[in-house]
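Peer 1: Let me give you the structure first, and then I'll get to my questions.
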Amino acid sequence: MKKVITYGTFDLLHYGHVNLLRRAKELGDYLIVAISTDEFNWNQKQKKCYFTFEERKKLVEAIRYVDLVIPEESWDQKVSDVKEFKVDTFVIGDDWEGKFDFLKNYCEVVYLPRTPEISTTQIKKDLKK
Ligand code: C2G
């Protein structure tokens, strides 16, 4: 069984996220999604989430491509996650191009093109109009 992992906040879940998860799943048979916890988002990404971790977890777990959701609590957990879950491929959007190449020592690393026209920031801006 080929296992794939990806990481993200997935707040105000939108079709750009789903596009990413669909393509990530196409690279294997089992997709693990590590969702940033509220604390990680606030302390490390300076992101305030609209939905809590538990709410974002429920939303992502409902996506047909997703097999397991785990918490992302630190920037440094990726190597141990890859080892613990025997991951074959790490996938993330190309806004992170090159940032996780160190994982190539442990698994395949794939950067997928983002869905360009949609973002949570854009959604929030549009809602203010
Ligand atoms: N994404 C995408 N297209 C968009 C928006 C997002 O393909 N229009 C992808 C991102 O590239 C990422 C995933 O969807 O792979 C989740 O996006 P975010 O929730 O913005 O994730 P981010 O805050 O970048 O967190 O340790 C890694 C971080 O947790 C990634």
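The values are calculated or read from the model by the stated rules, or taken from the named source; none is laboratory data. Everything numeric here is computed off the predicted structure, so don't read it as measured data. Heads up, the Cβs are rebuilt from the backbone with ideal geometry, glycines too, and the neighbour counts pull from every protein chain shown. Ligands, DNA and RNA are excluded from the accessible area calculation, which covers all protein heavy atoms including side chains. Shrake-Rupley method; radii C 1.70, N 1.55, O 1.52, S 1.80 Å.
Peer 1: For Asp76 and Asn19, FRET efficiency with R0 = 30 Å and r from the beta-carbon atoms, rounded to 0.05?
Peer 2: Efficiency for this residue pair is about 0.60.
Peer 1: Among 121-129, 44-52, how do they line up by average Cβ neighbours within 10 Å per residue, starting with the highest?
Peer 2: Those peptides, ordered most packed to least, come out 44-52, 121-129.
Peer 1: Next up: In nm, to one decimal, how far is the Lys83 label point from the Ala62 one, both placed 7 Å along Cα→Cβ?
Peer 2: Roughly 3.7 nm, to one decimal.
Peer 1: Assuming R0 = 25 Å, can you tell me the calculated FRET efficiency for the pair Lys128 and Lys48, based on Cβ-Cβ distance, to the nearest 0.05?
Peer 2: Step by step, r from the Cβ atoms, then E = 0.95.
Peer 1: For the chain, with the dipole built from +1 on Lys and Arg beta-carbon atoms and -1 on Asp and Glu ones, taken about the Cα centre, which of Ser80, Thr120, Phe51 lies farthest toward the positive end?
Peer 2: Sorting the options by dipole projection puts first Thr120.
Peer 1: To the nearest whole percent, what portion of all C-alpha pairs in the chain is separated by more than 25 angstrom?
Peer 2: That fraction is 19 percent.
Peer 1: If DNA, RNA and ligands are ignored and the probe is 1.4 Å, what is the ranking of Val79, Val69 by accessible area, most exposed first?
Peer 2: If we order Val79, Val69 from most to least accessible, we get Val79, Val69.
Peer 1: Further question on the same structure: Mean residue ellipticity at 222 nm from the helices of the chain, using -39,500 (n - 2.57) per DSSP H segment of n ≥ 4 over the full residue count, to the nearest 500 deg cm²/dmol?
Peer 2: Only helices count here, giving -10000 deg cm²/dmol.
Peer 1: Treating only the Cβ of Lys, Arg, Asp and Glu as charged (+1, +1, -1, -1), what charge dipole size does the chain show about its Cα centre? Round to the nearest 20 debye.
Peer 2: 400 debye
Peer 1: Which value, in Å² rounded to 10, gives the accessible area of Val110 with a 1.4 Å probe and all protein chains present?
Peer 2: Here the accessible area works out near 30 Å².
Peer 1: Something else: So if I place +1 on the C-beta of Lys and Arg and -1 on the C-beta of Asp and Glu, and nothing else carries charge, what would the dipole magnitude of the range 1-52 be about its Cα centre? I want it in debye, nearest 20.
Peer 2: Dipole magnitude for the range 1-52 comes out near 160 debye.
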